1. Counting DSSP beta bridges in the chain, what percent are antiparallel, to the nearest 5?
2. Taking a ≥ b ≥ c as the square roots of the eigenvalues of the Cα gyration tensor of the stretch 156-263, is the shape rounded (a/c under 1.5), prolate (a/b larger than b/c) or oblate?
3. Which far-off residues, 5 or more places away or on another chain, put their amide H under 5 Å from the one on SER119, with H placed in the peptide plane?
4. For the stretch 13-18, take each phi angle, set θ = phi - 60°, evaluate the Karplus expression 6.51 cos²θ - 1.76 cosθ + 1.60, and give the result in whole Hz per residue in order, putting x for glycine and proline.
5. What percent does the relative contact order of the stretch 184-253 come to when contacts are Cα pairs within less than 8 Å and at least six residues apart?
6. Any of LYS229/LYS369; LYS225/LYS376; LYS47/LYS345; LYS225/LYS377; LYS100/LYS280; LYS229/LYS261 with alpha carbons more than 18 Å apart? Name them for me.
7. Work out the length of the dipole vector of the stretch 177-256 about its Cα centre, built from +1 on the beta-carbon of each Lys and Arg and -1 on the beta-carbon of each Asp and Glu, and round it to the nearest 20 debye.
8. Using only the alpha carbons of the stretch 229-325, what is the convex hull's orientation-averaged projected area in square nanometres?
Amino acid sequence: MNCLDRGLICAAETELPRVVIVGGGFAGLNLIKGLKNLPVQVVLIDKNNFHQFLPLLYQVATSGIEPDNIAFPYRKLFEKYRNVVFRMAEVTHINTTHNKLSTNIGVIHYDYLVLACGSKTNFLGNTDFENFGSGLNSVTDALDIRSRLLQNLEKAAVTCIEHEKRELSSVAIVGGGATGVEIAGALAEFKRYILPKDYPELNSVEMKIYLIEATGRLLQAMPEKLSEKTLHYLSRMNVDVLLNTSVNSYDGKKVVLAGEKSFSAATFIWTAGVKGDIVKGLPRESISRQNRILTDDFGRILTLNNVFAIGDNALIKTHTNPHGHPMIAQPAIQQGKLLAKNLMKLIQNESMVPFEYQDKGTMATIGRKKAVASIKKLKFGGFFAWLIWSFIHLVSLIGFRNKIMVTINWLWSYFTYEKGNRVIIRRYEEVKKSE
Ligand SMILES: Cc1cc2nc3c(=O)[nH]c(=O)nc-3n(C[C@H](O)[C@H](O)[C@H](O)COP(=O)(O)OP(=O)(O)OC[C@H]3O[C@@H](n4cnc5c(N)ncnc54)[C@H](O)[C@@H]3O)c2cc1C
């Protein structure tokens, strides 16, 4: 009988306190780094066997880089960590009374539990958006979008009916935040530099790229001046930006807007919201708006002493951030680093240090050579912002090989205007989603 048959996730028995961490994203990874080789047993549980670098997903979706370039296997990452055990499993339930975690491969006991499960796409309860469209929250989503887009272009190339050609080659992106803006910019370049070469059959019609935003401006999290700059860049790149517009329905072909206006687009990408990815079994009163887990300013779930939440799935209210921090990488990284120190303090009966978010700014890129940045008091856009954006993303990527491969891809694309990864490796099948 193996350990899984006994319903236990086999992690070596130890006298050391066991810290179980669910999720190896930005938050979980930085927590583990801080606990490296300290006197605790760390068990990382993640449903994937790799860490994924979400900020560059849009480049995978638009054929700019390969999926392997933004993923890194956990076992390789922790090969020099003597106190870390990795288990690929999906956590399904938490029993906080008995300190047990149920997963699809068995049960594990914890002394301390940290939930760092991140977020998932929030389709606002609209199953049609979910079934006929794609969110962008994982490498799998990015590959789905890439396959769907390229498959639709293949179909467009062989139909003789003009309106079908237009529908199959057009893309609707919902949500004018950073992800929506970045996909729109990348697709506009695809349309300009790749489409005429790869698909001469589509010269007779115009591929339309729509970016739909419910509020009055793009990039709500940035100063107004940068929203205007972004709108200007995208308009010059022939993206149809529809502000103050919400989508009422989508049936796989027709996008119906509020006010009953409509247009056709066979590719529909939803980037208009995320919500916390939380596991069942937590006290009801600890779940707040956007499905995030309410914690005190140490990241500890309000009614529990040994269960913490950090990163996107946590809502850590502090004096300076009474509504919680934004769901972006920096808070997750900073919370992971601090919790490593705090857990050791807790184990040694010392006082923990409350979390204070250090805002390092926000950036978004709009295609080749253009980006906008808001860093402390500096607000700027253009080539310099794009250089900073590129540098920060390169150094933040996990793995030396990944950094080299992305640099080569970017340089290649910079000088040749090429996107080298427009292959349909695995076909996108709509039926899978609507089942
Ligand atoms: C497309 C996109 C672009 C983005 N761009 C930027 C950007 O440019 N700048 C920026 O600062 N932020 C960006 N973000 C946000 C940023 O990526 C997140 O804020 C950050 O990843 C949060 O880190 P995390 O550790 O909380 O969660 P994640 O990084 O999402 O990690 C969560 C981990 O938990 C695992 N997991 C989830 N549920 C379970 C379960 N039940 N069982 C086991 N494992 C589970 C997942 O597999 C994953 O590995 C972007 C996000 C997206 C989706």
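What follows draws every value from the coordinates through simple rules; no lab data is involved. Quantities reported herein were computed from a predicted structural model and do not represent experimental measurements. For neighbour counting, all protein chains shown are included, and Cβ atoms are generated from backbone atoms with ideal geometry for every residue, glycine included.
1. Among the beta bridges of the chain, antiparallel pairing accounts for roughly 50 percent.
2. Numbers: a/c = 2.87, a/b = 1.42, b/c = 2.02.
It is oblate, given that a/c is not under 1.5 and a/b is not larger than b/c.
3. The list, which skips near neighbours in sequence, is ASP277.
4. Here the 3J(HN,Hα) series is 4, 8, 7, 6, x, 9 Hz.
5. Numbers: 69 pairs, mean separation 26.8, N = 70.
The normalised contact order for the stretch 184-253 reaches 38 percent.
6. LYS47/LYS345; LYS229/LYS261
7. Dipole about the Cα centre, nearest 20: 100 debye.
8. About 9.9 nm², averaged over all directions.
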